[in-house]
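Participant: Below is the structure I would like to discuss, written out as structure tokens.
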Amino acid sequence: MFVLAMFACLNSYAQETSVRGHVYGANGEAAPFAHVLLLQNEDSVMVKGVPTDSIGLFVMKNIPVGNYLLNVSQLGYEPYFRSLSISGTNELTLERIELTIMSQQLETVQVVGRKELFQLKSDRLIINVSSLPTFSGNNALQLLQKAPGVIVQENANSISLNNKGEVLIMINNRISRVPKANLIQQLKGMRAENIDRIELIHQPGAKYDADNAAGIIHIVMKENNAYGLNGSASFTAGMGQREKFNGSVDLNYRNNGLNIYGNASGFNNRSPKAEINHFREYDYQGDQFYYENSFKFVNPINNSLGFNLGVDFEIDKNSTIGGLFGYSKNTDLGKDFTSRSKGSVNAVPNTNSQYLLNIDNPNRNTIINLNYFRKIGTNGSLNIDVDRVTLDVQNSSELTYLDIEETKEKQQLIERQDLKLIP
């Protein structure tokens, strides 16, 4: 009961806000398809991104309380920045955003082959992951959480698009039929460095066999068409209040019709300490009630390790057979999480309790896939996939009741010892 109450209290604090605004360009005209990014104030890491619509309007939903930096950009205009503070209201409407035409045009223009972050088509919105370096270090699930219109509820194993219900996930033109719990673990093991783009398909055509889903999220991985053995490796590290690092290795061997590929990736993230205090004081039928709840989170750690190994073989120019084996492990560790509750009625104490919580939740996911593809005629095709997926979820929590008086006596003893050390 205590654990449920604690997380219920935490959810009450996770207030989220919708941010709405209107972007204008030259001569006061609306600026359609401008890029609007919400960045973390500390390190400019992207939190959410959306394009403006045909009349320059944008809406970013499910933004947590905090301080951010808003960035608006469009070709031919100076980048626009402003600080933004979210305090927990249901909706925040920003004042008119006016872009300024670039004051200086360069005589020589160097063309760089880099795609725009957002590309809007009639049936889909394309997010070019490789065009934004700050995506590095994220996994596929985190990218979806930042995508416009996508709502990820990890605890409920739910991914929806534009509040219209569940979506299908497609990876490299293959719809994933595995259970959502397994799929979410699989997405956690996919690094942003290996993803080329994400397509949010709002209106799936008949060819996708969408099964009446609200839409399709298509994740397209980077291709390696070079012959012989080749690969790449990356490693990043950072230090804020706590250290974090991640790395990945990709290898590929291609020779005639045979293609063998594999990748491995991992990350470790130590979150900062956090403390939440909740106070309630009210009068009821002549009595005065007071309650106080406090939660302290010390040294929470999240880490992940995963790899994939696959092979494709071209039987002929129209037929391909292949297989894939994947494994991933995600672990949430929490040590010395404490909760304390105190209460009184008419200044007379009636509640005083304290608990210690340790968490160790490793989740392991494996997937085996066999597939066959054959092109039939000009527009037809046959695609057969056989999947076997296993998911091992462990929720290990150790809850200890702490005696308040005994803890107080130990604290007083420590304080007296500290005082003796002061000259």
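Participant: Exposure proxy check: THR400, THR320 ranked by fewest other beta carbons within 10 Å?
Facilitator: Working: THR400 10, THR320 17.
Starting with the residue having the fewest Cβ neighbours, the order is THR400, THR320.
Participant: Now for a separate question. Compute the signed sum of charges (Lys and Arg +1, Asp and Glu -1) over the other residues within less than 15 Å, Cβ to Cβ, of ILE315.
Facilitator: On the way: positive: LYS317, ARG374, LYS375; negative: ASP312, GLU314, ASP316.
Within the 15 Å Cβ shell, the charges total 0.
Participant: May I pose another question? Net charge near ASN350: determine it from the other residues with C-beta under 13 Å of the C-beta of ASN350, scoring Lys and Arg +1 and Asp and Glu -1.
Facilitator: Details: positive: LYS342; negative: ASP287, GLU292.
Spelling it out: positives minus negatives among the neighbours equals -1.
Participant: Could you pull the Cα extents of the range 250-308 along its three principal axes, largest to smallest, in whole Å?
Facilitator: Computed over the range 250-308, the largest-to-smallest principal extents equal 86, 23, 9 Å.
Participant: Just in the range 55-102: which trypsin sites (Lys or Arg not before Pro) are loop by DSSP and have at most 15 other Cβ atoms within 10 Å?
Facilitator: Sites meeting the loop and neighbour criteria: ARG96.
Participant: Additional query: Can you tally the net charge around ASN330? Count Lys and Arg as +1, Asp and Glu as -1, for every other residue whose Cβ sits under 10 Å from the Cβ of ASN330.
Facilitator: Here the charged neighbours net out to +2.
Participant: Hey, what's the Cα Rg ratio for the range 116-177 versus the globular rule of thumb, 2.2 N^0.38 Å? Don't skip to the end; give the middle numbers.
Facilitator: Working: Rg = 12.4 Å, N = 62, 2.2 N^0.38 = 10.6 Å.
This ratio for the range 116-177 stands at 1.18.
Participant: If R₀ is 45 angstrom, what is the calculated FRET efficiency for the pair VAL59 and ASP360, using the beta carbon separation as r and rounding to 0.05?
Facilitator: For VAL59 and ASP360, the calculated efficiency is 0.70.
Participant: Okay, moving on. Over the range 297-396, what is the mean sequence separation of C-alpha contacts under 8 Å (at least six apart), divided by residue count, expressed as relative contact order in percent? Working shown, then result.
Facilitator: Details: 217 pairs, mean separation 26.0, N = 100.
Contact order relative to length: 26 percent.
Participant: Looking at this model, which pairs from LYS164/LYS375; LYS296/LYS329; LYS188/LYS296; LYS222/LYS244 are more than 30 angstrom apart at the alpha-carbon?
Facilitator: The pairs that break the limit, which is 30 Å between Cα atoms, are LYS164/LYS375.
Participant: When ASP387, ASP316 are ordered from fewest to most other Cβ atoms inside 10 Å of their Cβ, what list results?
Facilitator: Fewest-to-most Cβ neighbours within 10 Å comes out as ASP316, ASP387.
Participant: Next question. Would you mind ranking PHE33, PHE235, PHE58 so that the residue whose beta carbon has the fewest other beta carbons within 10 Å leads the list?
Facilitator: Listing PHE33, PHE235, PHE58 from fewest to most nearby Cβ atoms yields PHE235, PHE33, PHE58.
Participant: Debye calculation, C-alpha points only, no solvent: report log10 I(q)/I(0) for the range 253-409 at q = 0.13, 0.15, 0.16, 0.21 Å⁻¹, in the same order as the q values.
Facilitator: -0.81, -0.94, -1.00, -1.25
Participant: Roughly speaking, what is the stretch gain from GLU98 to ASN255, that is 0.36 nm per residue apart minus the C-alpha to C-alpha distance, in nm to one decimal?
Facilitator: 51.1 nm
Participant: Same structure again: How big, on average over all directions, is the shadow cast by the Cα convex hull of the range 116-223, in nm²?
Facilitator: Orientation-averaged projected area of the Cα hull: 6.5 nm².
Read-outs: derived from the displayed coordinates by stated rules, not from any lab. What you see is a predicted model; the values in this text were computed from it and never measured. A quick note on method: Cβ atoms are made from the backbone with ideal geometry, for glycine too, and the neighbour counts reach across all protein chains shown.
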